[in-house]
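Notes to accompany the following structure.
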Amino acid sequence: MTALSVSDAVVLIVFLVGWTGYNWVTEHSRWARHGLSAAMDVQRRRWMEVLAHRDLRMIDTAIMTGLQQGTAFFASACIFAIGGCFALLGSSRRIAEIAADLPFHNRLDVGLVEAKLLGLIVIFAYAFFKFGWAYRLFNYCTILIGAIPMRDAMERDPESARGAVTAATRMNQHAAKHFNSGLRGIFFGLAYLGWFLGPLILLGSTGFVIAILVHRQFFSGARKVATASVRADAKRRDSR
């Protein structure tokens, strides 16, 4: 039975707290509504509203196909990553020897290497399930888009049409939420690789990944573009 050292246990807890804490900040905190994901949720709602007034919806089906293909790509990548981790389990002793030769790492126990690889498998399995569910939700969204009535039918029954648009919007937003969770799983899986080089490297790689994700979510150029569009749309509505 391989026991974690105190330093390994502490940095592993920091890693998990950092991951869950970032998820909470971007999805449930009061800062979440200022992030890129929240701005894109507004854009998804606008997309469905525009879609409802289009006579031809081939553009929208092409967009949905692109979203599904991107999700399927990442799901497949997670499967390959999981297979690679299982293959590395047979080379645990060699990995321990390589780590022991590094100047900033002490001798590594083979059992600990195997435990770390199993942890990496769990991370990529989590990401795979998130991508798999997101793919299915995008598929459901295409069905709900198909249920949105055409423009002339919307004029006859606007209340029913608004309900169909709302359902498609929410399904699309839920799919995006799970896709983003899977993507974060991959990013934190890359940070987790630092643990193979030592606890301090894991601490540094975790902080580095969180810093990148925070910048992209709240301070990136993409966030500025998305939020500027949302503000401009809000001003147009207020002026009417």
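Below are the figures for this structure:
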{"read-out": "Residues that are farther than 22 Å from LEU12 by Cα and at pLDDT 95 or above, drawn from segment 92-129", "value": "PHE129"}
{"read-out": "Segment 1-36, residues that are among the hydroxyl-bearing types (Ser, Thr, Tyr), within 22 Å of PHE219 (Cα to Cα) and exposed (fewer than 14 other Cβ atoms within 10 Å of the Cβ)", "value": "THR20, SER29"}
{"read-out": "Selection count, segment 139-173, where residues are of a type outside the set (Ser, Thr, Tyr), part of a helix (DSSP H, G or I) and under 14 Å from MET48 (Cα atoms)", "value": "18"}
{"read-out": "From THR65, THR142, residue being more than 16 Å from the chain's Cα centre (by Cα), exposed (fewer than 15 other Cβ atoms within 10 Å of the Cβ) and either closer than 25 Å to ALA161 by Cβ or modelled with pLDDT of 95 or more (or both)", "value": "THR65"}
{"read-out": "Subset of segment 52-64 (residues that are within 12 Å of ILE145 (Cβ to Cβ) and either part of a loop (DSSP other than H, G, I, E, B) or not aliphatic (A, V, I, L, M) (or both))", "value": "ARG54, ARG57, ASP60, THR61"}
{"read-out": "Verdict on ARG170 being over 18 Å from the mean Cα position of the chain (by Cα) and surrounded by fewer than 18 Cβ atoms within 10 Å (Cβ to Cβ)", "value": "no"}
{"read-out": "Odd one out for VAL42, checked against (1) touching a helix residue (DSSP H, G or I) at 6+ places or on another chain (Cβ under 8 Å); (2) more than 25 Å from GLY146 (Cα to Cα); (3) of a type in the set (A, V, I, L, M, F, W, C)", "value": "(2)"}
{"read-out": "So PHE188, is it more than 23 Å from ALA52 (Cβ to Cβ), of a type in the set (Phe, Trp, Tyr), exposed (fewer than 14 other Cβ atoms within 10 Å of the Cβ) and modelled with pLDDT of 95 or more", "value": "no"}
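The values are calculated or read from the model by the stated rules, or taken from the named source; none is laboratory data. Everything quoted here is computed from the prediction, not taken from an experiment. Virtual Cβ from ideal backbone geometry, glycine too; neighbours counted across all protein chains shown.
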